[in-house]
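Worksheet: one structure, shown below.
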Amino acid sequence: MRRALAVAVIATLPLTITTAAYAQEPAGRQEAFAAAAKEFQVPESVLLGVSYLESRWDAHAGQPSSDAGFGPMHLTDAAAFTGANHHGEGEEDARGDDSRPLPAPAAQEAAVAPPASLRTMERAAALTGESHERLRADDAANIRGGAALLADYQKAIGAPLSDDPADWYGAVARYSGAEEQDAAKFFADEVFATIKQGAERVTDDGQKVTLPPVPGLEAAEQWLEKLGLRPARRDGVECPASISCEWIPAAYQELPPDDYGHYDLSNRPVNQKVDYIIIHDMEGYFLPSIKLNQDPEYPASWHYSVRASDGHIAQHIKTRDVGWQAGNWYVNAKSIGIEHEGFLARGSTWYTEAMYRSSARLVRYLAMKHAVPLDRAHILGHDNVPGTLPTTVKQMHEDPGPFWDWAHYFQLIGAPLHQFGGPGAGSIMIKPDFATNKPYFYGCDKENPSAACPPLSANTVWLRTEPRADAPLVKDIGKHPTGESLYSVYDHSARASTGQRFAVADRQGDWTAIWYLGQKAWFHNPASAPTAVPSAGLVVTPKPGLATVPVYGRAYPEKEAYPAGIPYQAVTPLQYTFSAGEKYTLAGPAAAEYFRAVTFNLEDHVVVKGRTRYLEIQFGHRVMFVKADDVQLTFSG
């Protein structure tokens, strides 16, 4: 979701060099952890555990995280970012209700000095003598900086530079940058759980790193009290007890002469079921974004915000109420919106492990509470939400973008994205290897938007008109009515993402074609390095005798369902064509409902329920709807 924010520039402070740089660089990532641990007298398991919770030991090609963190140790450098945090997407109406369109949002200036958690690189540079440039781009220097910070935090609370990992609980909690006691504890607990269990993986740049398990580890939690952190306001929050969560309410206020902001009271799930959880990124930082949610005149709102550095969560709206967040009123009325600190690409390219873990636990909790299916047809990115009308398709948003690791996220949720069926299954699930899948994009550099992005791990595959690497990208007539699809990081017109299921249209050698927006779309899917897995299931196709059937961006009731006094909301098809012979995967039924909420008072709000039966399908990058009477179901095994 777009947040046009301005973040104060932090001048780089004069640094005092206290430790000379390495005379000889370590040979690899594992050796760099060992050398830094020895130099700064930090247990290697602690250094590895902290790094895993920040980055999973990845270097991310020297690119910043969602909150200006760099490298395996996530050293934050807010001074590297200047100007307004605002990418170039269309002006989406977050409410998405054409019966009462919102005015275009005014530019919001929220100059908030970044907290200390976004400035750890300054201290790391002072402690190590390393330049900011090396701390950002050189993984060995970055790991030294993280080790130096841990030792510095240990000394600050009067704890010993002990060989026993248990004695480092307070320093680890301090490394989170949290100001809330629960947030610091969550981060430290996750680090120590990782140390106890152990971990091993190959990083995004091919480095094998191992953290041997330390069974029986019991952390000395008394050191947490030395940090003097404030308790979070948990009263009334809808969060699992295992994460850090507090109540920071969004504004709900009457605005003269006849308006209000900036969400709607409801009574879910009594009046209607929650069917979707929508994953956003803020296009901004945590504190300024929260301030926008507290402004009743700001034309957008959401239920939860997740902080990158430590996974701390703020709840703003009760899940029974409807936020203005997804740009589609039908989806808003049936969804919960979760914003994640950061940017789709401009200014950042990756998300922290702490954020993934905390968000995943929240999603699992909400999904269980509201019976939301744990699949990619119901846990949607903002970029998967359809436009409501042909005129709104072009303005719909693209976050959280191609660098969100959906496969890892679903594994953390407890619903791994599995293969179902054999090699010849008639439908597939997109599932490239995130670490090694590094497709071409441009648009990551705000100073040079036409430049290629660095090779970065991504969740998407490019879709082409023919089974060859130099074939043009398929077209999206809604996004680009008269032009071509783009390789821009902000354009999903010719991309399919991890977890999405599509019906197979054809196969030729290493290439697979799927049905996508009314056309065959080819992607490279070699058996030696597959980018999709079999996923048998139900598919829909037009009933015999129908040349085409309409597709919709919302599942509104038929005219006869509306009681007196409630205006009929037209059921308008989108501009796409679903023709005979094409097949699309079934996500499930979709209730024919319209939530009428145009006043400040809950008593005036009504849910109109119709008899029309709709089905949700994966029609392109976004989900869409068809009428059940227009299609037939078949099993694609």
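The values are calculated or read from the model by the stated rules, or taken from the named source; none is laboratory data. The structure displayed is predicted, hence computed values, not measured ones. FYI the Cβ positions are ideal-geometry reconstructions off the backbone, even for glycines, and counts take in every protein chain you see. Accessible surface is based on the protein model in full, side chains and every heavy atom, while ligands, DNA and RNA are left aside. Shrake-Rupley method; radii C 1.70, N 1.55, O 1.52, S 1.80 Å.
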Which residue, of ALA141, ALA171, ALA151, is more than 26 Å from the chain's Cα centre (by Cα) and surrounded by fewer than 24 Cβ atoms within 10 Å (Cβ to Cβ)?
-> ALA151
Residue list for the stretch 248-283, restricted to those being in a strand (DSSP E or B), open to solvent by 10 Å² or more (accessible area, probe 1.4 Å) and in contact with a strand residue (DSSP E or B) (Cβ under 7 Å, 6 or more places away or on another chain) | GLN253, GLU254, LEU255, TYR260, TYR263
Exclusive hit being modelled with pLDDT of 95 or more, in contact with a Pro (Cβ under 9 Å, 6 or more places away or on another chain), in a loop (DSSP other than H, G, I, E, B) and surrounded by fewer than 20 Cβ atoms within 10 Å (Cβ to Cβ), set PRO544, PRO526, PRO530, PRO467 = PRO530
Of the residues ALA458, ALA513, which is surrounded by 19 or more Cβ atoms within 10 Å (Cβ to Cβ) and closer than 16 Å to PRO534 by Cβ?
-> ALA513
Inspect all residues belonging to the stretch 614-624 and state whether any of them is of a type in the set (D, E, K, R), more than 30 Å from TRP462 (Cβ to Cβ) and outside any loop (DSSP other than H, G, I, E, B).
-> no
Looking at (1) within 20 Å of GLY588 (Cβ to Cβ); (2) out of contact with any Lys or Arg (no Cβ under 9 Å at 6 or more places or on another chain); (3) not hydroxyl-bearing (Ser, Thr, Tyr), find the lone condition where ALA503 falls short.
-> (2)
How many residues does the stretch 431-464 hold that are out of contact with any Lys or Arg (no Cβ under 8 Å at 6 or more places or on another chain) and not in a loop (DSSP other than H, G, I, E, B)?
-> 3
Taking SER266, is it modelled with pLDDT of 95 or more and within 22 Å of the chain's Cα centre (by Cα)?
-> no
So which of VAL571, VAL598 ends up being in contact with a Phe, Trp or Tyr (Cβ under 6 Å, 6 or more places away or on another chain) and open to solvent by 30 Å² or more (accessible area, probe 1.4 Å)?
-> VAL571
When residues of the stretch 578-588 are filtered for being more than 14 Å from HIS621 (Cα to Cα), in a strand (DSSP E or B) and open to solvent by less than 20 Å² (accessible area, probe 1.4 Å), how many remain?
-> 2
Positions within the stretch 209-247 being out of contact with any Phe, Trp or Tyr (no Cβ under 8 Å at 6 or more places or on another chain), surrounded by fewer than 16 Cβ atoms within 10 Å (Cβ to Cβ) and assigned to a loop (DSSP other than H, G, I, E, B), in sequence order = PRO212, PRO213, PRO215, GLY216, GLU218, GLY228, PRO231, ALA241
Find the residue count for the stretch 300-315, including only residues that are of a type in the set (Phe, Trp, Tyr) and assigned to a loop (DSSP other than H, G, I, E, B).
-> 1
How many residues does the stretch 386-408 hold that are farther than 18 Å from TYR490 by Cβ and either small (Gly, Ala, Ser) or in contact with a Phe, Trp or Tyr (Cβ under 6 Å, 6 or more places away or on another chain) (or both)?
-> 2
Checked against (1) modelled with pLDDT under 95; (2) under 25 Å from the mean Cα position of the chain (by Cα), LEU227 satisfies every condition except (2)
Tally the residues that are assigned to a loop (DSSP other than H, G, I, E, B), charged (D, E, K, R) and modelled with pLDDT of 95 or more, restricting the search to the stretch 113-153.
-> 2
Restricting attention to the stretch 406-419, does a residue exist that is out of contact with any Asp or Glu (no Cβ under 7 Å at 6 or more places or on another chain) and more than 28 Å from LYS208 (Cα to Cα)?
-> no
Mind checking whether some residue in the stretch 381-399 is surrounded by fewer than 23 Cβ atoms within 10 Å (Cβ to Cβ), in a loop (DSSP other than H, G, I, E, B) and in contact with a helix residue (DSSP H, G or I) (Cβ under 8 Å, 6 or more places away or on another chain)?
-> no
Any hit, the stretch 352-363, residues being of a type outside the set (Ser, Thr, Tyr), more than 14 Å from the chain's Cα centre (by Cα) and surrounded by fewer than 24 Cβ atoms within 10 Å (Cβ to Cβ) | no
Considering only residues of the stretch 174-204 that are of a type in the set (S, T, N, Q) and part of a helix (DSSP H, G or I), which is surrounded by the most Cβ atoms within 10 Å (Cβ to Cβ)?
-> THR194
Check off (1) open to solvent by 20 Å² or more (accessible area, probe 1.4 Å); (2) more than 12 Å from TYR556 (Cα to Cα); (3) at pLDDT 95 or above for HIS621 and give me the number that stays unchecked.
-> (1)
Could you tell me which of the residues LYS318, LYS291 is in contact (Cβ under 8 Å) with a residue 60 or more places away in the chain, open to solvent by 10 Å² or more (accessible area, probe 1.4 Å) and part of a loop (DSSP other than H, G, I, E, B)?
-> LYS318
Tell me, please, whether a residue that is touching a strand residue (DSSP E or B) at 6+ places or on another chain (Cβ under 9 Å) and in a strand (DSSP E or B) can be found in the stretch 558-577.
-> no
